[in-house]
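Report on the structure given below.
The values are calculated or read from the model by the stated rules, or taken from the named source; none is laboratory data. This is a predicted model, so every value here is computed, not measured. Positions of Cβ are generated from backbone atoms using ideal geometry, with glycine treated the same way; all protein chains shown enter the neighbour counts.
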Amino acid sequence: KASQAQGKQPPRYARVNTLKTSQEDVIDYLKREGYTYLGRASSLEELQQLSGKRFYCDLHLPGLLVFPAKTDLHAHFLYQAGHIILQDKASCLPAFLLNPPAGAHVIDACAAPGNKTSHLAAVLGNRGKLFAFDLDPKRLSTMSTLLLRAGVTCHELANQDFLTLNPEDPRYSQVEYILLDPSCSGSGMVGRMDELTDSPGSVPAQRLQSLAAFQLRCLNHALCFPRLQRLIYSTCSVHEEENEGVVRACLREHRRSFRLVPVLPSWPERGQAPLTQCLRASPGETLTNGFFVAMLERRSPGEQEDE
Ligand code: SAM
């Protein structure tokens with residue numbers, strides 16, 4: 001069972017950047033360097049047992065290559081040239097699931113340092129418009145470098161508070177997709193969990209409360225964009241307050257116009273009941289960082305509200 005992996009380091013993941021290359025070319029390049037490609041993995045156990053210079057293609061996410069835990073590709077040409085992005089598997093879920101079609105207008109509300117923005121641009125094939133916002137100028141400057149290296153051209157980057165963005169501004173009148181990955185406790189990050197001395201992922205109750213209030217404000221604000229059709233809400237937190245708690249509170253207000261969509265049925269770890277439509281991720285169950293993803297879609301006119 002993958003849960004036996006608890007305590008072990010998750011494998012390393014590399015997302016093929018289709019704005020610059022193809023999966024086939026990356027695999028050929030690595031093979032020429034002595035790596036062995038084992039094809040598409042059929043189970044999480046196979047990923048956990050990887051060793052040496054062997055790699056798989058992931059079983060859930062297309063274009064994601066999986067290497068043994070000790071692999072470090074930061075100095076590798078493919079990374080330096082932006083052909084691969086070193087990104088945890090769980091953090092590839094939001095853009096993959098939002099799945100905006102080429103030409104769509106998309107908001108990445110809390111975007112820096114931009115791995116999910118570059119993934120969104122790849123899903124869009126650089127066609128359409130990607131409005132990306134962040135409050136932190138330092139993180140935004142890292143993000144500019146990252147997007148340049150990744151060959152992203154369809155973005156407009158702004159140092160702006162997403163909460164002050166006017167949803168009625170004509171610039172956003174065609175926005176149908178929003179990715180909301182707001183600041184969170186980070187309690188799911190594997191490195192962080194190791195560093196904590198008391199219980200893993202412990203965060204003071206007051207901090208959780210204020211984070212959850214901020215996350216809910218962001219989510220409610222995102223749902224005000226008039227043409228919005230689909231939204232992904234994600235955190236790298238393991239805390240219910242920041243995850244199912246925020247989604248539940250939001251649905252209390254918006255359930256008439258938005259519904260929670262069941263995502264990726266093959267994914268083994270689900271949101272806490274009753275919100276099993278959502279995904280959770282963790283080192284023990286999915287060989288990733290701790291993560292949470294919810295997808296909301298606008299109801300069609302006349303659609304019945306579910307319970
Ligand atoms: N999505 C990013 C990625 O994949 O690289 C990671 C985002 S990180 C979890 C949250 C970000 O939200 C931080 O960079 C923080 O500066 C930004 N942030 C916090 N409050 C914000 C606000 N009100 N408006 C816009 N960005 C905000």
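For the condition within 10 Å of the ligand (Cβ to nearest atom) and without any contact (Cβ under 8 Å) to a residue 40 or more places away in the chain, Lys116 does not qualify. Filtered by the rule that a residue be of a type in the set (Lys, Arg) and surrounded by fewer than 23 Cβ atoms within 10 Å (Cβ to Cβ), segment 97-116 gives no residues. In this structure, is Leu38 surrounded by fewer than 20 Cβ atoms within 10 Å (Cβ to Cβ), modelled with pLDDT of 95 or more, touching an Asp or Glu at 6+ places or on another chain (Cβ under 9 Å) and part of a strand (DSSP E or B)? Taking the combined requirement at face value, the residue satisfies it. Between Asp58, Asp25, the distinction of being surrounded by 13 or more Cβ atoms within 10 Å (Cβ to Cβ) and closer than 29 Å to Pro265 by Cα belongs to Asp58 only.
Each row is one residue, and each column tells you yes or no for (1) surrounded by fewer than 23 Cβ atoms within 10 Å (Cβ to Cβ); (2) more than 28 Å from Leu208 (Cβ to Cβ).
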{"residue": "Ser118", "(1), (2)": "no, yes"}
{"residue": "Leu124", "(1), (2)": "no, yes"}
{"residue": "Ala132", "(1), (2)": "no, no"}
{"residue": "Ser144", "(1), (2)": "yes, yes"}
{"residue": "Glu156", "(1), (2)": "yes, yes"}
{"residue": "Asp169", "(1), (2)": "yes, yes"}
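Tallying residues that are surrounded by 15 or more Cβ atoms within 10 Å (Cβ to Cβ), modelled with pLDDT of 95 or more, closer than 20 Å to Leu93 by Cα and not hydrophobic (A, V, I, L, M, F, W, C) within segment 2-22 yields 6.
I'd like to know if segment 122-134 contains one or more residues that are touching a Phe, Trp or Tyr at 6+ places or on another chain (Cβ under 9 Å), aliphatic (A, V, I, L, M) and in a loop (DSSP other than H, G, I, E, B). Within segment 122-134, none of the residues are touching a Phe, Trp or Tyr at 6+ places or on another chain (Cβ under 9 Å), aliphatic (A, V, I, L, M) and in a loop (DSSP other than H, G, I, E, B).
The residue pairs whose first member lies in segment 83-102 and is on the phi > 0 side of the Ramachandran plot, whose second member is hydroxyl-bearing (Ser, Thr, Tyr), and whose beta carbons are closer than 6 Å, counting only pairs six or more residues apart or on different chains, do not exist in this structure. Restricting attention to segment 74-96, and to residues there that are in a loop (DSSP other than H, G, I, E, B) and surrounded by 17 or more Cβ atoms within 10 Å (Cβ to Cβ), which single residue is farthest from the chain's Cα centre (by Cα)? Residue satisfying both the conditions and the ranking: His76.
From the list Leu47, Leu64, Leu59, Leu73, the lone residue that is in contact with a Phe, Trp or Tyr (Cβ under 7 Å, 6 or more places away or on another chain) and under 30 Å from Leu260 (Cα atoms) is Leu64.
Would you check if Ala102 is more than 11 Å from the ligand (Cβ to nearest atom) and assigned to a helix (DSSP H, G or I)? No: the conditions fail for Ala102.
Screening Leu163, Leu148, Leu140 for residues that are over 25 Å from Leu287 (Cβ atoms), away from the ligand (no atom under 13 Å from the Cβ) and in a helix (DSSP H, G or I) leaves exactly one candidate, Leu148. Among residues of segment 138-150 that are in contact (Cβ under 8 Å) with a residue 60 or more places away in the chain, those with a Cβ under 9 angstrom from a residue that is loosely packed, with under 15 Cβ neighbours inside 10 Å, sequence gap 6+ or separate chain, pair up as Arg149/Gln80; Arg149/Ala81.
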